[in-house]
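First comes the structure, then the notes that go with it.
The values are calculated or read from the model by the stated rules, or taken from the named source; none is laboratory data. Since the structure is predicted, the reported quantities are computational estimates derived from the model, not experimental observations. Virtual Cβ from ideal backbone geometry, glycine too; neighbours counted across all protein chains shown.
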C-alpha cells in the first residue's frame, strides 16, 4: 500500500516504544515552537512551520487506501497547531476529511489553537493530548520559545473537556534540574486535572547531540551535570542518551505518585518501565476507544466519572 502523506508510525523500531499500531500525519514541516529539547530537528531541521505541498489532494488519496477505523495521530514530529494554522486552517481541513470518513484521530500538540476545533473534535472519534512541561512561564519561554504560554494550554484543555473531547496531558520531557522537582510536577498535574485532563504521559529528557547542545547553551549551569549524567553515567539507547536507569525511575515514580493521588491515569513513554502504567495506552489513544456517551457532550469528564481513576475504562 503506497501512501503519500499518511505514514505508518514507526519510532525507528525503538524496543522501548509501547505505542499501539497507528498512522501519523504531519500537515506541516518544520516547527515554529522551536523547543530546545526537540528530537525531530535532527532530521527535519530547525525552521518555521511550513505547509506541505498539495497536502489535501494527497491526503484524500491516502484515506481511500487506509483500513476502516484506522488511528491517525497529528502529529508525531511537527506540531499540527503552529501560529500559521490560525490563518491557513490546514490542520482543520485535514480533521474534517479524516473524521468525516470515520477514522479515529489522536492529536498531540502544544498549540492552544486546538481549542478552536473543539466542536469538530467532539463530533468524531478523537482525543487530544496537550504537552505542558511546566507552569513556570519564564522557564517555558526559555525551553519552548515559540509555543503558547502554559496557562493558555491549560485553558485550551479546559475548553476541549467542556466540549466533551477526551483530553490528557504529556509532561514530556522532564529535565533534571529544571522541571523534575515535586513542586513543579504537582503544579502541572493539579492545573490540568482541575481543567479536565484524565490521564498523563511522562517521559524523561532523552538527549541527542543537537538538542543537548541547545539545552546546555541556554542553561550553562547544567552543562557539567548533563555531561556527567548523560555522556558518562547514562546509556546510549537506540539513538539517544538516556539518564541512568536509577535516576529515571526515581523521577517517574515521583510523577506517578502525584498523578495517582489526583486520580489521573499514568503512563511512561519509551522508558522500559511499563509496570508503572495504569492508563490504557502510553499515547492517550485509549481515550478514543472509551468515547463519550450521547447526551454527555459539553459536560466535564469528571462529572461523568472520568477515565483516570487508576486505569482506563477502554
| Yes or no: residue 239 farther than 19 Å from residue 150 by Cα, buried (at least 21 other Cβ atoms within 10 Å of the Cβ) and out of contact with any helix residue (DSSP H, G or I) (no Cβ under 7 Å at 6 or more places or on another chain)? | no
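Could you count how many residues in region 241-275 are over 16 Å from residue 176 (Cα atoms) and assigned to a strand (DSSP E or B)?
First pass over region 241-275, keeping only residues over 16 Å from residue 176 (Cα atoms): 256-270, 272-275.
Adding the requirement that they be assigned to a strand (DSSP E or B) leaves 265-268.
Residues flagged as over 16 Å from residue 176 (Cα atoms) and assigned to a strand (DSSP E or B) within region 241-275 amount to 4.
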| field | Matching residues in region 165-183 - criterion: being part of a helix (DSSP H, G or I) and either out of contact with any helix residue (DSSP H, G or I) (no Cβ under 9 Å at 6 or more places or on another chain) or under 19 Å from residue 113 (Cβ atoms) (or both) | value | 183
| Among 231, 256, 248, which is the only one that is surrounded by 13 or more Cβ atoms within 10 Å (Cβ to Cβ) and either in contact with a helix residue (DSSP H, G or I) (Cβ under 9 Å, 6 or more places away or on another chain) or modelled with pLDDT under 95 (or both)? | 256
| Meets criteria (in a helix (DSSP H, G or I) and closer than 20 Å to residue 282 by Cα) for residue 161 | yes
| field | Filtered residues of region 190-225 (kept if in contact with a strand residue (DSSP E or B) (Cβ under 6 Å, 6 or more places away or on another chain) and assigned to a helix (DSSP H, G or I)) | value | 192
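Of all the strands (runs of 3 or more DSSP E) wholly in region 4-80, which have at least 2 residues that are touching a residue at least 60 places away in the same chain (Cβ under 8 Å)?
Working: elements: 6-8, 23-25, 71-74.
Because the criterion is at least 2 residues that are touching a residue at least 60 places away in the same chain (Cβ under 8 Å), the strands (runs of 3 or more DSSP E) in region 4-80 that meet it are 71-74.
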| message | Among the residues that make up region 242-259, is at least one of them out of contact with any strand residue (DSSP E or B) (no Cβ under 7 Å at 6 or more places or on another chain) and at positive phi? | response | no
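Which count do you get for residues in region 137-164 that are over 16 Å from residue 111 (Cα atoms) and either in contact with a helix residue (DSSP H, G or I) (Cβ under 7 Å, 6 or more places away or on another chain) or buried (at least 21 other Cβ atoms within 10 Å of the Cβ) (or both)? First the steps, then the outcome.
Applying the first criterion (over 16 Å from residue 111 (Cα atoms)) to region 137-164 yields 138-139, 142, 162-164.
So of that shortlist, the ones also either in contact with a helix residue (DSSP H, G or I) (Cβ under 7 Å, 6 or more places away or on another chain) or buried (at least 21 other Cβ atoms within 10 Å of the Cβ) (or both) come out as 142, 163-164.
Counting residues in region 137-164 that are over 16 Å from residue 111 (Cα atoms) and either in contact with a helix residue (DSSP H, G or I) (Cβ under 7 Å, 6 or more places away or on another chain) or buried (at least 21 other Cβ atoms within 10 Å of the Cβ) (or both) gives 3.
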| query | Pairs under 6 Å by beta carbon, first residue free of Cβ contacts under 8 Å to residues at least 24 places away in the same chain in region 219-242, partner assigned to a helix (DSSP H, G or I) and surrounded by 14 or more Cβ atoms within 10 Å (Cβ to Cβ), six or more apart or different chains? | reply | 223/216
